[in-house]
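These notes concern the structure reproduced below.
The values are calculated or read from the model by the stated rules, or taken from the named source; none is laboratory data. A quick note: this is a predicted structure, and the numbers were derived from the prediction, not measured. Quick reminder, even Gly has a Cβ in these numbers, built from the backbone with ideal geometry, and neighbours come from all protein chains shown.
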There are 2 protein chains.
Amino acid sequence: MKATFLYGAGDVRVETVPDPVIQQPTDAIVRTVRACVCGSDLHPYHSMPHSEHGNPMGHELIGVVEEVGAAVTSLRPGDFVIAPFAFQDNTCAFCREGFQTSCPHGGWYGTPQTGGLQAELARIPQADGSLVKVPDVDPAGADPSLLASLLTLSDVYLTGYHAAHMGRVEPGRTVTVIGDGAVGLSAVLASRTMGAERIILMGRHTSRTDLGREWGATDVVAERGAEGIAKVMDLTGGEGSHVVLEAVGHMPAYEQSYGVVRPGGVISRVGVPQYEEAPIGFGSLFGKNATLTGGPAPVRAYLEPAIRQVLEGEIDPGRVFDRSVGIDDVPAGYAAMDAREALKVMVEF
Amino acid sequence: MKATFLYGAGDVRVETVPDPVIQQPTDAIVRTVRACVCGSDLHPYHSMPHSEHGNPMGHELIGVVEEVGAAVTSLRPGDFVIAPFAFQDNTCAFCREGFQTSCPHGGWYGTPQTGGLQAELARIPQADGSLVKVPDVDPAGADPSLLASLLTLSDVYLTGYHAAHMGRVEPGRTVTVIGDGAVGLSAVLASRTMGAERIILMGRHTSRTDLGREWGATDVVAERGAEGIAKVMDLTGGEGSHVVLEAVGHMPAYEQSYGVVRPGGVISRVGVPQYEEAPIGFGSLFGKNATLTGGPAPVRAYLEPAIRQVLEGEIDPGRVFDRSVGIDDVPAGYAAMDAREALKVMVEF
């Protein structure tokens, strides 16, 4: 099969490798229908040192089950499924509490052990806990926009949803979303579905913030840093935002977050932090009783209701995809996202 | 009147100064019945550079209203009141949302403008919003233990309560309390009233942890650092604590907090952080979706129900006081708390 590997910063290659095989009785093999490139893939794309051995890439996929291990009970070949971006048993204490990304029997794709999902076939560990069937949809005949929206449930939309969920967005709240990437826009859409009264989107790419407005952003702030903070404070009558959804992961976005959060408010981060230490003392979080929350989205926890929302046409998160490539053109897809020519790139098989 | 001033590290003095007077029509003057020394007073007691001008000290008080300004409507001379450790109008947007410590018309005691409360008389700004009457108690004839418990509602007990409240303690939760000072013990007591299933108290002063056990601690961990973390992880079957209440404020206590918090759990800080930057990235908070919350307790938000609990004998938080001094002996009180000979020192007038 063909699969995607990163050999170092800027060096994405599509190679032909042996097909994956069942290794554990809890595994399944899935044939990919759609995969995609994630904003978080751009971090190693910028910084990975050159390596002799390519790192398998990709963690978002919808596909058709090809084969299941002997212990898999809920799936069979031919099932059309969504794979959350992390795998999990979905039965342990943490999974039951809704934090599947901390499952002790779970893990991440894109390692030599589990491979990546920007590939024609994928081995899915803990398949019963990790794959969710999409009922009554035949991917061969499905509307491409439906497939696009279902693909976002693998990561990007439900990561935005997780931000809003952990931030306790509810009717009457003012929400500020930092970042106009695909996750930030998804956070806008999710906040709208939760009834946020006002949604301020901080971003400066008009084509993106326009989609944000369609999805519910009531205000767009293009300024950054101190100017951006001042603008949000102005918009909120000097009081600040009840909820801040941080969908970037860089320090300036975090600094904006505690700059605009209201006393007693919540900062919810889903951009993977590219820092370890940051201000949390009296002058940033503590003095105003600000809450900091968020982390890797336990997509599995949110999948069934989100599939229903997509199938019933309540949400159309697939609109984040503005470019499609075949597997051979995945490197061009990375380059387009890196250059911000594309918001999010889909890989069609 | 006599009042307490800090001139530098270790240099507490009680001096005779002019009585405070009404400055604003919203002020009240209160004659102190009981005041006390706070753990947070020990921070400047350790570190304040020598100054020619003493800094007024103290922010906890119960007393009797002596005089009210022309705009004060809810109080009159003779009322027996509790003063929360911060003053506020209790009408602004932040106050209505329960975060009175962020009131734009509020502020802190212990400044040259407002004075301190370790004093025979105090000027209370925003008196309608800042003083709460204790119904049907005559302080002259009251049981000393009742007065002690009422005094804790000025700060220490309700700071522990705030930690538990922000940490969302509820039945079925495992709570770890870091710190066996008066706030930590109060957090134990508050967690018990909220129905916590298990309360692990991290502290190594047996006389204090014994009171913690009486108040509901089910386990005591004397170890600190990596050893202490390992012990709590053992006690929780390797899963960690749903809620961590951090009642110290130093970095090692924060490090213990993210070491023992369970995936998806909450760290709630009420120890005033003696640091600004700290780890919050993938390896500390983000990776396990841990929430960080807490700040200065909005005591005013919690006062009425807590007064009822004390008057009805449901809680006895006044037991944190293990020493009493008169106003002239306040410096000895600081020294006793600093040497950990006393848990918390009351000042009787």
Inter-residue pairs, beta-carbon under 8 Å, first surrounded by 13 or more Cβ atoms within 10 Å (Cβ to Cβ) and in the range B:16-33, second β-branched (Val, Ile, Thr) and assigned to a loop (DSSP other than H, G, I, E, B), 6+ apart: B:26/B:72; B:27/B:72; B:28/B:22; B:28/B:72; B:29/B:21; B:29/B:22
I'd like to know if the range B:318-325 contains one or more residues that are basic (Lys, Arg) and touching a strand residue (DSSP E or B) at 6+ places or on another chain (Cβ under 7 Å). yes
Does the range B:304-328 hold any residues that are without any contact (Cβ under 8 Å) to a residue 12 or more places away in the chain and outside any loop (DSSP other than H, G, I, E, B), and which are they? B:305, B:308
In the range B:80-102, how many are of a type in the set (A, V, I, L, M), more than 10 Å from chain A (Cβ to nearest Cβ) and surrounded by fewer than 20 Cβ atoms within 10 Å (Cβ to Cβ)? 0
Can you name every residue in the range A:272-295 that is buried (at least 24 other Cβ atoms within 10 Å of the Cβ) and under 16 Å from the mean Cα position of the chain (by Cα)? A:273, A:294, A:295
Return the residues of the range A:237-285 that are at pLDDT 95 or above, of a type in the set (S, T, N, Q) and outside any strand (DSSP E or B); say none if nothing qualifies. A:256, A:257, A:284
Enumeration of residues in the range B:217-238 that are in contact (Cβ under 8 Å) with a residue 24 or more places away in the chain, surrounded by 18 or more Cβ atoms within 10 Å (Cβ to Cβ) and not hydrophobic (A, V, I, L, M, F, W, C): B:228, B:236
So for the range A:306-321 (the condition being closer than 30 Å to residue B:294 by Cβ, of a type in the set (Val, Ile, Thr) and touching a helix residue (DSSP H, G or I) at 6+ places or on another chain (Cβ under 6 Å)), does at least one residue qualify? no
Name, by its number, the condition in (1) in a helix (DSSP H, G or I); (2) under 25 Å from residue A:271 (Cα atoms) that does not hold for residue A:62. (1)
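With respect to residue A:177, is the statement that it is in contact with a helix residue (DSSP H, G or I) (Cβ under 6 Å, 6 or more places away or on another chain) and either charged (D, E, K, R) or in a loop (DSSP other than H, G, I, E, B) (or both) true?
Details: in contact with a helix residue (DSSP H, G or I) (Cβ under 6 Å, 6 or more places away or on another chain): yes; either charged (D, E, K, R) or in a loop (DSSP other than H, G, I, E, B) (or both): no.
It is false that residue A:177 is in contact with a helix residue (DSSP H, G or I) (Cβ under 6 Å, 6 or more places away or on another chain) and either charged (D, E, K, R) or in a loop (DSSP other than H, G, I, E, B) (or both).
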Of the conditions (1) over 19 Å from the mean Cα position of the chain (by Cα); (2) assigned to a strand (DSSP E or B); (3) buried (at least 21 other Cβ atoms within 10 Å of the Cβ); (4) away from every other protein chain (no Cβ under 14 Å), residue B:201 clears all except one; give me its number. (1)
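Quickly run through the range A:239-248 and pick out the residues that are within 9 Å of chain B (Cβ to nearest Cβ) and surrounded by 24 or more Cβ atoms within 10 Å (Cβ to Cβ). Step through it out loud before you land on a result.
Here is the first cut: in the range A:239-248, the residues within 9 Å of chain B (Cβ to nearest Cβ) are A:239, A:242.
Once the filter is applied, which keeps residues that are within 9 Å of chain B (Cβ to nearest Cβ) and surrounded by 24 or more Cβ atoms within 10 Å (Cβ to Cβ), the range A:239-248 yields only A:242.
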Just checking, does the range A:310-318 include any residue being β-branched (Val, Ile, Thr) and under 26 Å from residue A:340 (Cβ atoms)? yes
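Do we have residue B:269 as under 30 Å from residue A:255 (Cβ atoms) and either crowded, with 24+ Cβ neighbours inside 10 Å or not assigned by TED's automatic domain parsing to the domain that holds residue B:102 (or both) here? Step through it out loud before you land on a result.
Working: under 30 Å from residue A:255 (Cβ atoms): yes; either crowded, with 24+ Cβ neighbours inside 10 Å or not assigned by TED's automatic domain parsing to the domain that holds residue B:102 (or both): yes.
Criteria met by residue B:269.
Given the options B:214, B:255, B:227, B:223, name the one that is within 14 Å of chain A (Cβ to nearest Cβ) and of a type outside the set (A, V, I, L, M). Step through it out loud before you land on a result.
Numbers: B:214 fails: within 14 Å of chain A (Cβ to nearest Cβ); B:227 fails: within 14 Å of chain A (Cβ to nearest Cβ); B:223 fails: within 14 Å of chain A (Cβ to nearest Cβ).
Result: B:255 is the single residue among B:214, B:255, B:227, B:223 that is within 14 Å of chain A (Cβ to nearest Cβ) and of a type outside the set (A, V, I, L, M).
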